[in-house]
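Structure first, then comments.
The values are calculated or read from the model by the stated rules, or taken from the named source; none is laboratory data. These numbers come from a predicted model, not from an experiment. So basically every Cβ, Gly included, is an ideal-geometry build from the backbone, and we count neighbours across all protein chains shown.
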């Protein structure tokens, strides 16, 4: 083989102007019973992603029974007024439908992914499971037992222990401090009747919304929704949120959860963050991107992974919530360098507070965020996910149209202010699951 | 758990979009599954590099996918993990795009990039807004032609550390994290190149030298051993012209010695069964079989069987083990689309109070029932639809479509093979599914590994 150095060096290409992102502009309407509909049809992929969002997350569940919302979500497909669990699963599986309920702190979301040709029957099934579940005793006890086993298995993994501990440290007794899937005590104790009561209170058309994205006929969608959800009535009970904590009890401190024979330590740094509707959300996104939004090029990744080789990855993010629901740094490192990695993480956080970010680095972060927009609306499921977030948090409908200009407007002063408000080591808790010497 | 893990490596012959063709109604009259099509234009450069263009203007982005026909199967014992470690090194810069620039330049234009290594192939891929397509091509040219001058000991040490951490995070420190490695060792006794893990053994990762990395790069990272796919908002005409500009002048590289294959990729005939302790709360049973390779008719029938067994709550194993039998918390089945042979697996985690033998015999009973009594038309119809659902979901992204085309070209010889494999699903009969279970998933061909909670393994669990 000839030496490779004889190959010509080509100059780095100069690029033309970026393409205009194609942000979906969906049709919005409400059914007679108040169910809001967001319809974003687009031909190309013979698939429809339906996402039904209900204000029925774990915040809405009775305080004495954490896990109620999660059990209700998982029991939707386990029997309805007209169809047994086995029949339901047989129908769903014959359609090839993928049904995935997910229960978060604020919302329960039921996503159904269908082949376009099965849209009408898929919507009929979605309506049936969401509006008429019966929580049959034997299925309830099976799901309860499986959930309890899953909670035990979850504790086998240090990363899970670290995640749960971080939430507890940041939010304490606030519902955001408990994982949205609940606790063993809650799941064990909640009576089956309470599941039906929760469902009756929070699964109502007024307050809920459904997003459809993908290849479908809008008229067919409207008719199928009207037919399927016609008998559903009423309004969801308002969810009472307790006031968010003022600051974590252990702010500024290190919490170590020892793990025998650990080769790695799981590290979490958690602060309160901000609610999704906060006017600083985009500014905070830029500041976070600089610190740890990208696992390789963010300051944390450049330091801990690329420079030191201590970790496979490190990232940070603000969580979206109705209330401030956390800002989290997460990584796993060699156990011997645990203390150093925590110290370097704090140093990077403080550096964003103490030194103004220079223009080039800020420019780079803004470009990365703005120009990635064309990728965000590629598939039916990604469109459905982004539209349901806008709708659920009642954000401006032109959010994504205005996004590039909003990112462009972020200044170095904004970044420094956000760093002071959210990345200050005195305002966050450091959690280590593993071992820490020195 | 294993559903996601299985699906993630299962770069299945998925399909998306485009034209409706004739409706196939093989199993019953109701299986309305129009074929999925993705038209391609192919082109070969003078140095042997194959170019595949797939135009789809639905989003203003382009996926660039460069796949080298090299994976952990091309390593030798004592140097396992070399292919994957080299993949990490390839992100550390080149002569004219030094360290840090690769990710930096791509992020600046709104792109993403990644790479991965598996048994049969290594890939590097970028998705960028369509104005920026030349940037990943230039960067890939850089690391195909100008990587060796920057490869040094310091770079190797840092990335060795990253990979060792990756191994700890995904194997040693993860519950059940060592199971797949041991299962493959059992399944592929006798030095078959699928016997060792792609991430490599810890002592081998420690032992890899700069010369190892250089030699591997010089042998395999050549235009003649690569397939380039451009998918998305770009015409075939432009794609081929750009490929010529950025790769056409590179020397072809040495010819690659053929892989010395054992005569029989199947396990050494006898049942193998082992038990392994781990820091876990529940026993988990793993069973695996060596089966025909990706793209064969038997492989497609086995893929339908995998869905019929454990995808969906009405599937056979979900009913027998979870919903009705109440023996398992979860059960999954998977099929690797690997080239030398496929790997079919079943994984089940016990419920509280259930011992592994009960799980093992329940799995065996379900497989035996399929083999002896067969499956229904509706079971096959539903399974084929669920396969199709996953294919459509996966291939909705141009990045995944580019990978599927590159993989078909790398493993099956040409990108058009992807559509051929997809079309085979609609023709699968209940009898073929039954025969696949009988022929390939017999008890005598299984490797079975049972992971059990460590005896006396009480953990220190006090928060400080």
### Query
Among (1) under 24 Å from residue A:28 (Cα atoms); (2) exposed (fewer than 15 other Cβ atoms within 10 Å of the Cβ), where does residue A:214 come up short?
(2)
### Task
Mind listing whichever residues of the stretch B:359-380 are surrounded by 24 or more Cβ atoms within 10 Å (Cβ to Cβ) and farther than 19 Å from residue B:324 by Cα?
B:380
### Summary
The one condition residue B:97 fails out of (1) surrounded by fewer than 22 Cβ atoms within 10 Å (Cβ to Cβ); (2) not in a loop (DSSP other than H, G, I, E, B) is (2)
## Note on the structure
Filtering the stretch B:176-195 down to residues that are under 29 Å from residue A:434 (Cβ atoms) and more than 10 Å from chain A (Cβ to nearest Cβ) yields B:178, B:179, B:180, B:181, B:182, B:183, B:184, B:185
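Tell me, please, whether a residue that is more than 12 Å from chain A (Cβ to nearest Cβ) and at pLDDT 95 or above can be found in the stretch B:125-135. Spell out the reasoning first.
Of the stretch B:125-135, the ones more than 12 Å from chain A (Cβ to nearest Cβ) are B:125.
With at pLDDT 95 or above added as a condition, the list becomes B:125.
Yes, because at least one residue in the stretch B:125-135 is more than 12 Å from chain A (Cβ to nearest Cβ) and at pLDDT 95 or above.
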### Summary
Scanning the stretch A:25-48 for residues that are within 11 Å of chain B (Cβ to nearest Cβ) and in a loop (DSSP other than H, G, I, E, B), the one farthest from residue B:131 (Cα to Cα) turns out to be A:46
### Message
It is to be established whether one or more residues within the stretch A:16-23 are more than 8 Å from chain B (Cβ to nearest Cβ) and within 29 Å of the chain's Cα centre (by Cα).
### Response
yes
### Query
Across the stretch A:93-116, which residue is nearest to the chain's Cα centre (by Cα) among those that are outside any strand (DSSP E or B) and over 15 Å from residue B:387 (Cα atoms)?
A:104
### Task
Filter the stretch B:273-296 down to residues that are closer than 28 Å to residue A:113 by Cα and either within 14 Å of another protein chain (Cβ to nearest Cβ) or surrounded by fewer than 24 Cβ atoms within 10 Å (Cβ to Cβ) (or both), then give me how many there are.
1
### Task
Please report, ordered by residue number, the strands (runs of 3 or more DSSP E) entirely within the stretch A:197-303 with at least 3 residues that are under 30 Å from residue A:429 (Cα atoms) and either touching a residue at least 24 places away in the same chain (Cβ under 8 Å) or more than 14 Å from chain B (Cβ to nearest Cβ) (or both).
A:254-258, A:264-271
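So which of A:69, A:145 ends up being under 27 Å from the mean Cα position of the chain (by Cα), over 22 Å from residue A:383 (Cβ atoms), assigned to a helix (DSSP H, G or I) and within 14 Å of chain B (Cβ to nearest Cβ)?
A:145
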### Query
Among A:165, A:188, which is the only one that is surrounded by fewer than 20 Cβ atoms within 10 Å (Cβ to Cβ), in a helix (DSSP H, G or I) and in contact (Cβ under 8 Å) with a residue 24 or more places away in the chain?
A:188
### Task
Mind listing whichever residues of the stretch A:420-436 are over 22 Å from the mean Cα position of the chain (by Cα) and outside any strand (DSSP E or B)?
A:420, A:421, A:424, A:425, A:426, A:427, A:435, A:436
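Can you tell me which residues in the stretch B:295-309 are part of a helix (DSSP H, G or I) and more than 15 Å from residue A:96 (Cβ to Cβ)?
Result: B:297, B:298, B:299, B:300, B:301, B:302, B:305, B:309.
Among the listed residues B:358, B:328, B:383, B:371, which satisfies the condition of being in contact with a helix residue (DSSP H, G or I) (Cβ under 8 Å, 6 or more places away or on another chain) and more than 14 Å from chain A (Cβ to nearest Cβ)?
Just a single option satisfies the conditions, and that option is B:371.
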### Query
Tell me, which residue of the stretch B:151-175 that is outside any helix (DSSP H, G or I) and surrounded by fewer than 20 Cβ atoms within 10 Å (Cβ to Cβ) is nearest to the other protein chains (Cβ to nearest Cβ)?
B:174
### Task
Examine the stretch A:72-85 for a residue that is away from chain B (no Cβ under 14 Å), within 19 Å of the chain's Cα centre (by Cα) and under 27 Å from residue B:353 (Cβ atoms), and state whether such a residue exists.
yes
#### Entry: Among the candidates A:122, A:57, A:67, A:96, residue that is in contact (Cβ under 8 Å) with a residue 40 or more places away in the chain and at positive phi
A:67
### Task
For residue B:242, state whether it is over 30 Å from residue A:101 (Cβ atoms), at pLDDT 95 or above, within 14 Å of chain A (Cβ to nearest Cβ) and part of a loop (DSSP other than H, G, I, E, B).
no
### Query
Which ones in the stretch A:382-438 are surrounded by 19 or more Cβ atoms within 10 Å (Cβ to Cβ) and at positive phi?
A:434
### Task
Look through A:367, A:359 and report the one residue that is without any contact (Cβ under 8 Å) to a residue 40 or more places away in the chain and over 30 Å from residue A:103 (Cα atoms).
A:367
### Message
Looking for something away from every other protein chain (no Cβ under 11 Å), in contact with a strand residue (DSSP E or B) (Cβ under 8 Å, 6 or more places away or on another chain), part of a loop (DSSP other than H, G, I, E, B) and at pLDDT 95 or above - is there at least one such residue anywhere in the stretch B:45-57?
### Response
yes
### Summary
Of (1) more than 10 Å from chain A (Cβ to nearest Cβ); (2) assigned to a strand (DSSP E or B), residue B:85 satisfies every one except (2)
### Message
Can you pull out every residue in the stretch B:139-150 that is surrounded by 19 or more Cβ atoms within 10 Å (Cβ to Cβ) and either facing another protein chain (nearest Cβ under 7 Å) or over 23 Å from residue B:249 (Cβ atoms) (or both)?
### Response
B:141, B:145
### Query
Restricting the stretch A:347-363 to residues that are within 14 Å of residue A:292 (Cα to Cα) and surrounded by fewer than 18 Cβ atoms within 10 Å (Cβ to Cβ), which is farthest from the other protein chains (Cβ to nearest Cβ)?
A:350
